[in-house]
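The values are calculated or read from the model by the stated rules, or taken from the named source; none is laboratory data. Nothing here was measured: the structure is a model prediction, and the numbers come from that model. Quick reminder, even Gly has a Cβ in these numbers, built from the backbone with ideal geometry, and neighbours come from all protein chains shown. Quick note on the areas: whole protein, heavy atoms, side chains included, nothing else; ligands and nucleic acids left out. Shrake-Rupley method; radii C 1.70, N 1.55, O 1.52, S 1.80 Å.
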Amino acid sequence: QVQFVERGGGLVQAGGSLRLSCAVSGRAFSNYAMAWYRQAPGKQRELVASITLVSITNYADSVKGRFTISRDNAKNTVYLQMNSLKPEDTAVYYCNGVPGWQYDWGQGTQVTVSS
């Protein structure tokens, strides 16, 4: 059974930074592409960033240039560095496999950006 434990969220002022981490257990982490998602109140969950087995990355237009996804296969962990945060980044952030390769969702971590 695959489990995701997201950490690192919090309350930050606009323009600030946060670094999220996601520990993955229960599978061969290094064999799978990973992604970060977010869900704002009243909105559907959306894909924020993804990273392949060889660390090729892709980002939603709304976060391009501000967020950086990375992975540490030795630690079974994926990260999301978030800079220049905006109030519209406020959401619960989740990690999981890329679309089509997803497992049960973890609890996520709340990110709140104040203006």
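Observations, loosely collected:
- Hypothetical label at S115: residues of the stretch 59-91 whose amide nitrogen lies under 17 Å (7 Å Cα-Cβ projection): 85-91
- For the stretch 2-92: accessible area per residue (Å², 1.4 Å): 51
- Local electrostatic count, S17, Cβ distance below 13 Å [Lys/Arg +1, Asp/Glu -1]: +2
- Sulfur and carbon atoms: percent of accessible area, the chain [1.4 Å]: 47
- Debye log10 I(q)/I(0) at q = 0.18, 0.21 Å⁻¹ for the chain, Cα point scatterers: -0.84, -1.14
- Computed packing ranks the peptides 37-46, 80-89 as 80-89, 37-46, most packed first, by mean other Cβ atoms within 10 Å.
- Compared with the alpha-carbon gap, the fully stretched path from D72 to Q102 is longer by 8.9 nm at 0.36 nm per residue.
- Under 24 Å from the Cα of K43 - lysines, other chains or at least 8 residues apart: K64, K86
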